[in-house]
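Engineer: Before we start, here is the structure in question, set down as structure tokens.
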Amino acid sequence: WQVSMKSGSLSYILPCNRLPVQLMSQVRVYTSNGQKKDLGSEDTNGSARGETLHKAETGRQDTANAGQKQSSPKQPIQVKVKAVLKKREYGPKYTQNNFITGVRAINEFCLKSSDLDQLRKIKRRSPHDDTETFTVYLRSDVEAKSLEVWGSPEALARERKRRKEAEIKYRENLFRNQRLLWEYKEFFGNTKPRSSTAAMFFKGPGKVVMVAICINGLNFFFKLLAWVYTGSASMFSEAIHSLADTCNQALLALGISQSARTPDPSHPYGFTNMRYIASLISGVGIFMMGAGLSWYHGIMGLLHPHPVESLLWAYCILAGSLVSEGATLLVAINEIRRSARAKGLSFYQYVVQSRDPSTNVVLLEDAAAVLSVAVAATCMGLTSLTGNPYYDSVGSLGVGTLLGTVSAFLIYTNTEALLGRSIEPEQLQRLTELLESDPVVRAIHDVKATDMGMSKVRFKAEVDFDGRVVTRSYLEKQDIEQLLQEIQQVKTLEELEAFMLKHGENIIDMLGAEVDRLEKDLKQRNPDVRHVDLEIL
């Protein structure tokens, strides 16, 4: 095409040689290497020839057009234009239509409740279960009211800074007052009535833990006296075992009391996992204090054996310990059976899944205690019959191994619970089928159900809603005749936009109401489900 332009024959390469072509005296052509050429200055003869050709072509075209006008009438051209709404640019001012709650308006804009009485109130769907609707305000109204109260944005910023400093000072004083109150209670005694937290230790897992603390504390005292009297390595292991059990169960009691704390802004899901944390530390304590010291004493007995004194008192204390540990074990077994029956699980499943970590620790510790008493009595009996102290040291190693196995199991089960394991596949399938059977749900994806501990489940799913069903639910609550009249009154694009915006917002509210209904159904039919997060696709 460059050659054609240089030779002045541009008209021959056009799609139709009847179109009027006007060549300028100077044409610039950009080559592939980015250089531009001034064809008018390079070839004036070509430009002249181009002008001559232009005149000739114009003459031929005028003749042809005149012939066409005489032969056929002019046909009208119809162009179909698609009506489209102008795209709206949403700037920062559009956020003034956002809603804000009364609490946030008072805290963020330093207003009083009486200031909000003069503003427009709007009823909106509540995200909470205990209330159906709640009152919100337009953010633009709240901002205007704050400027009216404080005079300028600078004055509002100064007031916010002052309140922030006052809040920090209040928290410091609150901490100081709480510490003084605690010291006062320590000095004069706590006369506060028994709280619900204290009542937890008189039933259920708290009762099991308190019984175990009392019995293991007495066992430790008597076993320690027997070890001092006899010098038996097995008796020393038993004393250490009872001490470890007492300390660990005291830690479990602390975990139970902390787990009863109400959720706060820093911990919105509560403190339920404190029981698992206490059980995990308890398992580590059993391993270090119980197994570690028992292994150490057994190894030292093998390396440096010494004769064992009379074992009569040791046998008596072991017999008493067997009876007391057996009684605590029965209390724990009965509690687990009752809880497992209420959950519809077997005894083994309830223990392995660590549904109640505090009772599990007591169960395993007391079971290990009963077995270790039997091992210690057997090894001490062999030592008294043969006079060989090595049997007694082997018994200490056996007790340490038994404690190490129990601690490993506790560490594993509580770690799995703290990591957030999934619920049983059968329970997850029931939740999934409940959602999929609802007419408003078209499909669900990315379903996750996590056991948060103590039979509290958090359920999450991405839901593909059927827009036709949601819209029909909205239409069923409307006056169809009035809606039809509104449609017939729509004549312009602005009226159409206003109509669609009005009913579109209402349909979105209807979709939110459907989400609330599904969450409520999931919680009612599955009491273990405490938190439901449904994401709309």
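The values are calculated or read from the model by the stated rules, or taken from the named source; none is laboratory data. A quick note: this is a predicted structure, and the numbers were derived from the prediction, not measured. Glycine also receives a Cβ, built like all others from the backbone with ideal geometry; neighbour counts cover every protein chain displayed. Accessible surface areas use protein heavy atoms only, side chains included; no ligands, DNA or RNA. Shrake-Rupley method; radii C 1.70, N 1.55, O 1.52, S 1.80 Å.
Engineer: Of 405, 378, which residue is within 19 Å of residue 244 (Cα to Cα), at pLDDT 80 or above and surrounded by fewer than 21 Cβ atoms within 10 Å (Cβ to Cβ)? Steps first, please.
Structural biologist: Values: 378 fails: within 19 Å of residue 244 (Cα to Cα).
Of the residues listed, the single one that is within 19 Å of residue 244 (Cα to Cα), at pLDDT 80 or above and surrounded by fewer than 21 Cβ atoms within 10 Å (Cβ to Cβ) is 405.
Engineer: Right, here's the next one. So, residue 456, is that one open to solvent by 50 Å² or more (accessible area, probe 1.4 Å) and either over 24 Å from residue 340 (Cα atoms) or free of Cβ contacts under 8 Å to residues at least 24 places away in the same chain (or both) or not?
Structural biologist: So residue 456 fails the test.
Engineer: Name the residues in the stretch 431-446 that are surrounded by 16 or more Cβ atoms within 10 Å (Cβ to Cβ) and in a strand (DSSP E or B), would you?
Structural biologist: If the condition is that a residue be surrounded by 16 or more Cβ atoms within 10 Å (Cβ to Cβ) and in a strand (DSSP E or B), then 441, 444 are the ones that fit.
Engineer: Got a sec? Which of 428, 410, 371 is crowded, with 20+ Cβ neighbours inside 10 Å and in contact (Cβ under 8 Å) with a residue 12 or more places away in the chain? Walk me through how you get there before you give the answer.
Structural biologist: Numbers: 428 fails: crowded, with 20+ Cβ neighbours inside 10 Å; 371 fails: crowded, with 20+ Cβ neighbours inside 10 Å.
Just one listed residue meets the conditions, 410.
Engineer: Sticking with this structure for a sec: Give me the pairs, please: first residue somewhere in the stretch 343-367 and on the phi < 0 side of the Ramachandran plot and in a helix (DSSP H, G or I), second residue anywhere and surrounded by fewer than 23 Cβ atoms within 10 Å (Cβ to Cβ) and basic (Lys, Arg), beta-carbon distance under 7 Å, and either six or more positions apart or on two chains.
Structural biologist: Pairs that qualify, where the first residue is on the phi < 0 side of the Ramachandran plot and in a helix (DSSP H, G or I) and the partner is surrounded by fewer than 23 Cβ atoms within 10 Å (Cβ to Cβ) and basic (Lys, Arg), are 343/355; 347/337; 350/343.
Engineer: Take the residues in the stretch 261-302 that are among the polar types (S, T, N, Q) and either in contact with a His (Cβ under 7 Å, 6 or more places away or on another chain) or assigned to a helix (DSSP H, G or I) (or both), then tell me which one is nearest to residue 357 (Cα to Cα). Show your work before the answer.
Structural biologist: In the first step, residues of the stretch 261-302 are kept if they are among the polar types (S, T, N, Q); the result is 262, 266, 272-273, 279, 282, 294.
Those still in the list that are either in contact with a His (Cβ under 7 Å, 6 or more places away or on another chain) or assigned to a helix (DSSP H, G or I) (or both) too: 279, 282, 294.
On the way: 279: 6, 282: 10, 294: 25 Å.
So the residue we want is 279.
Engineer: Restricting to the stretch 236-279, count the residues that are in contact with a Leu (Cβ under 8 Å, 6 or more places away or on another chain) and open to solvent by less than 10 Å² (accessible area, probe 1.4 Å).
Structural biologist: 8
Engineer: May I pose another question? Could you please find all residues in the stretch 345-367 being open to solvent by 10 Å² or more (accessible area, probe 1.4 Å) and either polar (S, T, N, Q) or not assigned by the TED database to the domain that holds residue 290 (or both)? Full working, then the answer.
Structural biologist: Taking the stretch 345-367 first, the residues open to solvent by 10 Å² or more (accessible area, probe 1.4 Å) are 345-353, 355, 363-364, 367.
Listed by number, the residues that qualify are 346, 349, 353.
Engineer: Restricting the search to the stretch 224-235, which residues are of a type in the set (A, V, I, L, M, F, W, C) and either within 44 Å of the chain's Cα centre (by Cα) or open to solvent by 20 Å² or more (accessible area, probe 1.4 Å) (or both)? Full working, then the answer.
Structural biologist: Applying the first criterion (of a type in the set (A, V, I, L, M, F, W, C)) to the stretch 224-235 yields 224-228, 233, 235.
If the condition is that a residue be of a type in the set (A, V, I, L, M, F, W, C) and either within 44 Å of the chain's Cα centre (by Cα) or open to solvent by 20 Å² or more (accessible area, probe 1.4 Å) (or both), then 224, 225, 227, 228 are the ones that fit.
Engineer: Restricting the search to the stretch 498-537, which residues are over 30 Å from residue 444 (Cα atoms) and open to solvent by 50 Å² or more (accessible area, probe 1.4 Å)? Before the answer, list the steps.
Structural biologist: Within the stretch 498-537, the subset over 30 Å from residue 444 (Cα atoms) is 498-499.
Answer for the stretch 498-537, where residues must be over 30 Å from residue 444 (Cα atoms) and open to solvent by 50 Å² or more (accessible area, probe 1.4 Å): just 498.
Engineer: Can you name the condition, by its number, that residue 474 falls short on among (1) open to solvent by less than 80 Å² (accessible area, probe 1.4 Å); (2) within 30 Å of residue 449 (Cβ to Cβ)?
Structural biologist: (2)
Engineer: Just one of 207, 192 is in contact with a helix residue (DSSP H, G or I) (Cβ under 9 Å, 6 or more places away or on another chain), modelled with pLDDT under 75 and either of a type in the set (D, E, K, R) or not in a helix (DSSP H, G or I) (or both); which is it?
Structural biologist: Details: 207 fails: modelled with pLDDT under 75.
None of the others qualify; the one that does is 192.
Engineer: State all residues of the stretch 474-495 that are more than 27 Å from residue 440 (Cβ to Cβ) and touching a residue at least 24 places away in the same chain (Cβ under 8 Å); if no residue qualifies, say none.
Structural biologist: Here is the first cut: in the stretch 474-495, the ones more than 27 Å from residue 440 (Cβ to Cβ) are 485, 488-495.
The answer is 493, and nothing else.
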